[in-house]
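Asker: Below you will find the structure I want to go over with you.
The values are calculated or read from the model by the stated rules, or taken from the named source; none is laboratory data. Because the structure is a prediction, the values reported are computed rather than measured. No Cβ is skipped: glycine too gets one built from the backbone with ideal geometry, and neighbour counts run over all protein chains shown. To get the accessible areas, we keep the full protein, side chains included, count just its heavy atoms, and leave off ligands, DNA and RNA. Shrake-Rupley method; radii C 1.70, N 1.55, O 1.52, S 1.80 Å.
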Amino acid sequence: MTQPRPLVAGNWKMNGSRASWKEAESLAERLAAGNGAQIDVMLCPPATLIAQFASSLKGSDILVGGQDCHSESSGAHTGDIAAEMLADAGASAVIVGHSERRADHGETSDAVHAKAQAVHRAGLIVIICIGETQAEREQGDTLSIVSSQLSGSLPDDARADNTVIAYEPVWAIGTGLTPTLDDVGEVHHHIRSVLRDRLGEAEASSIRILYGGSVKPGNAAELMAVADVNGALVGGASLKADDFWGIISVYGEK
Ligand code: PEP
């Protein structure tokens, strides 16, 4: 069976200004010189930079994504952004359900499900984040939390070409901590089996399941080599082209 094409996506969170373009430009130049790895690379900058990045990166090997969206396409929702607006700005994907959104904005899996449907309605790829807290892991609830977040957030029309899952243990995000490779493998295998029950073998085996949480150049190779890990969602280490390139290049160069 052919492996899903890996995706390495950078989530810049609330970081970056127009001057940060130099990091994206440097990355695009390196990819142009040697993206033999046959992987997809994506940057998800703050919403203020999406149009600039998308237009400047057109024709490059870098896709641009949003970090969140509203579930509706327009209306009285001050400060929110519709998936259709992100599409109009040139995004090709949107992250939904990041643990910082779930924690800071009280987003439930029902809300994430509605946002994921909105991303599909706009014709974009949705990256759905799921993951357990430290307390949930210590209580032995990791697999049940991940299953219920996935089942609750996944839209019925999920397919390999419109949906990516990102497993991000909350306690590993921005902390420098990572699960053991066995633990990563166990959770990714479990996610694949939940996808199989819901979508059938063909779609489930082709959907990309990213690992996220303190991925760095120094640990990316071993994490990306775990079975059922089809790439990474990277926060802090995606802000600088040197670090992000160090992660991308574990997939090899031309
Ligand atoms: C993230 O926020 O999606 C993330 C994985 O962050 P970091 O890589 O900084 O842990």
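Asker: Kindly establish whether VAL184 is on the phi < 0 side of the Ramachandran plot, part of a loop (DSSP other than H, G, I, E, B), surrounded by 15 or more Cβ atoms within 10 Å (Cβ to Cβ) and modelled with pLDDT of 95 or more. Break it down stepwise before answering.
Answerer: Values: on the phi < 0 side of the Ramachandran plot: yes; part of a loop (DSSP other than H, G, I, E, B): no; surrounded by 15 or more Cβ atoms within 10 Å (Cβ to Cβ): yes; modelled with pLDDT of 95 or more: yes.
No.
Asker: If you check every pair at least six apart or on different chains, which have Cβ atoms under 7 Å apart with a residue in segment 45-65 that is under 17 Å from LEU124 (Cα atoms) first and a residue that is surrounded by fewer than 17 Cβ atoms within 10 Å (Cβ to Cβ) and of a type in the set (S, T, N, Q) second?
Answerer: Sorted first by the residue in segment 45-65, then by its partner, the pairs are LEU63/SER92; VAL64/SER92; GLY65/SER92.
Asker: Take the residues in segment 209-239 that are within 12 Å of the ligand (Cβ to nearest atom) and in a loop (DSSP other than H, G, I, E, B); name whichever of them is most open to solvent (accessible area, probe 1.4 Å).
Answerer: LYS216
Asker: Across segment 125-164, which residue is surrounded by the most Cβ atoms within 10 Å (Cβ to Cβ) among those that are farther than 16 Å from LEU199 by Cβ and in contact (Cβ under 8 Å) with a residue 60 or more places away in the chain?
Answerer: Taking the candidates together, the pick is ILE127.
Asker: I'm trying to understand the selection: among the residues of segment 1-59, which are polar (S, T, N, Q), at negative phi, open to solvent by 30 Å² or more (accessible area, probe 1.4 Å) and not in a helix (DSSP H, G or I)?
Answerer: THR2, GLN3, ASN15, SER17
Asker: I'm trying to understand the selection: among the residues of segment 93-116, which are open to solvent by 40 Å² or more (accessible area, probe 1.4 Å) and hydroxyl-bearing (Ser, Thr, Tyr)?
Answerer: THR108
Asker: Looking at VAL194, VAL187 in this structure, which one is touching a residue at least 12 places away in the same chain (Cβ under 8 Å), within 16 Å of the ligand (Cβ to nearest atom) and either over 20 Å from SER144 (Cα atoms) or in contact with a helix residue (DSSP H, G or I) (Cβ under 8 Å, 6 or more places away or on another chain) (or both)?
Answerer: VAL187
Asker: Among the residues of segment 97-124, write down those that are in contact (Cβ under 8 Å) with a residue 60 or more places away in the chain and part of a helix (DSSP H, G or I).
Answerer: So in segment 97-124, the residues in contact (Cβ under 8 Å) with a residue 60 or more places away in the chain come out as 98-100, 103.
SER99, GLU100, ALA103, listed by residue number.
Asker: Within segment 199-207, can one find any residue that is touching a residue at least 24 places away in the same chain (Cβ under 8 Å), touching a strand residue (DSSP E or B) at 6+ places or on another chain (Cβ under 9 Å) and within 16 Å of the ligand (Cβ to nearest atom)?
Answerer: There is no residue in segment 199-207 that is touching a residue at least 24 places away in the same chain (Cβ under 8 Å), touching a strand residue (DSSP E or B) at 6+ places or on another chain (Cβ under 9 Å) and within 16 Å of the ligand (Cβ to nearest atom).
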